[in-house]
1. What is the helix-to-structure angle for 88-97, meaning the angle in degrees between its Cα long axis and the longest Cα principal axis of the chain, kept from 0 to 90 and rounded to the nearest 10?
2. If you fit an axis through the alpha-carbon atoms of helix 304-319 and take the longest principal axis of the Cα set of the chain, what angle between them do you get, 0 to 90°, nearest 10?
3. So if each residue of separation counts as 0.36 nm, and I subtract the Cα-Cα distance between Leu49 and Glu32, what length gain in nm does that give?
4. Given the rule -39500 (n - 2.57) for each run of at least 4 DSSP H residues, summed and divided by the residues of the chain, what is its mean residue ellipticity at 222 nm, to the nearest 500 deg cm²/dmol?
5. Give or take rounding to whole Å, what are the principal axis extents of the alpha carbon atoms in the stretch 205-334, in descending order?
6. Would you mind telling me the share, in percent, of accessible area of the stretch 96-211 contributed by carbon and sulfur at probe 1.4 angstrom?
7. If you take the square roots of the eigenvalues of the alpha-carbon gyration tensor of the stretch 247-320 and sort them as a ≥ b ≥ c, do you get rounded (a/c under 1.5), prolate (a/b over b/c) or oblate?
8. Which is farthest toward the positive dipole end of the stretch 204-264 among Val247, Ala214, Ala204, measuring Cα position about the Cα centre, with Cβ charges +1 (Lys, Arg) and -1 (Asp, Glu)?
Amino acid sequence: VSPRTVRVALLGYGCVGSSVDRLLTDRADEIEETTGLRLRVVRALVRDLRKPRPFQPPPGVLTTDFGAICEDASIDVVAEVMGGLTPTEDYFRALLAAGKPVVTANKQLLARRGRELARAAELARLPVRFEAAVCGAVPVVRILCEALPPRSVRRIVGVVNGTTNYLLTRMEHGRALDDALDEARDLGYAESDARDDLNGSDAAAKMALLASTAFGTPASLDQVEFSGIADISPRDLEEARRAGRRVRLVGEAAVDDRAVVVRVAPTELDEHHELARVPAAFNEVALEGDGFGRLTLRGPGAGGPETASAVVGDLLAIAAGRATSHLARLGGAA
Ligand code: NAP
Ligand code: HSE
């Protein structure tokens, strides 16, 4: 049987976008043998056509013209991996209006506008998925949407920002914040504006998405009480370390009689606490709920190849034509 070719477009060809293309190219044969699908990146939107790329696409793939993607009827599915709020939200809506399913890694957009975008996707009757927006390679959104009974989770606790976990683990061994942040940038972990990592807003957005997905009650970023790690010094961390303590940026979300509380804060933990032992840029999420008790997921939480694996998982589900819309959860569906 000859494979079905699926034409993919990317909005963004940076750390995540170029890694998606690399993964689809390098693993094309295995994907085809397993799924019968050949996913090809045929267009990718960027700002600067002359910028050097870590994985160079064939000539003609990169474009600065969004219309060349939105108006191309031969494109089957689009991955939004450019980030930001504007013009991204307009692009998102235009793609839905043009009948294109969307996969996104954009937690800031969804944590602010998820409910409205869920409505737009529902009206367009198109699946939208966002695994890559939460916890990098860890498939927690899929577990919440597909493996667990709806609204069975009562509490979520975890480390959901890879960059700050990396920084804290480096700083407790004496590394200066700025030097550790340079390393995190070089490794592709940090946001384009790393203040989102440092001030806790990246983790807050992810916790809002997890809470909405799990609890069936939309929670937006402005409902999250959050603080970050910018004021923590290597000396504080070294002292805590000598006392058998670790500081980690911990997110917590809980639901009680349909009231949802979500917060993110640096938290001092015993060195043997499971969240104190999350290494480098890994994430860990514990789901607590009725029936299953406690379920813990741990894995790479940031980075181009790591996040690309989540994007490609969603692209394949949509390309196979069996994808429910996970975005519907952000609109209150469960
Ligand atoms: P990045 O390396 O900065 O890449 C962004 C890409 O989008 C670049 O190719 C850029 O074009 C393009 N772009 C940005 N604004 C644009 C605009 N207005 N018009 C056209 N193109 C535009 O960022 P990234 O690390 O790949 O992250 C992308 C998204 O994934 C963000 O939402 C981020 O939060 C999310 N995410 C990242 C990670 C990670 O570990 N890096 C993990 C999970 C989720 P140029 O290259 O020409 O500048
Ligand atoms: N900057 C984010 C982090 C990327 O470090 O967790 C993954 O969402």
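The values are calculated or read from the model by the stated rules, or taken from the named source; none is laboratory data. It should be emphasised that the depicted structure is a prediction, and the values quoted were computed from it without experimental measurement. Glycine gets a Cβ as well: all are built from the backbone with ideal geometry, and neighbour counts include every protein chain shown. Accessible surface areas use protein heavy atoms only, side chains included; no ligands, DNA or RNA. Shrake-Rupley method; radii C 1.70, N 1.55, O 1.52, S 1.80 Å.
1. 40 degrees
2. 50 degrees
3. So the extension gain works out to 3.1 nm.
4. On the way: 11 runs with 116 residues, N = 334.
It comes out at -10500 deg cm²/dmol, rounded to the nearest 500.
5. Computed over the stretch 205-334, the largest-to-smallest principal extents equal 53, 39, 31 Å.
6. C and S fraction of accessible area: 44 percent.
7. It is oblate, given that a/c is not under 1.5 and a/b is not larger than b/c.
8. Farthest along the dipole direction, towards plus: Val247.
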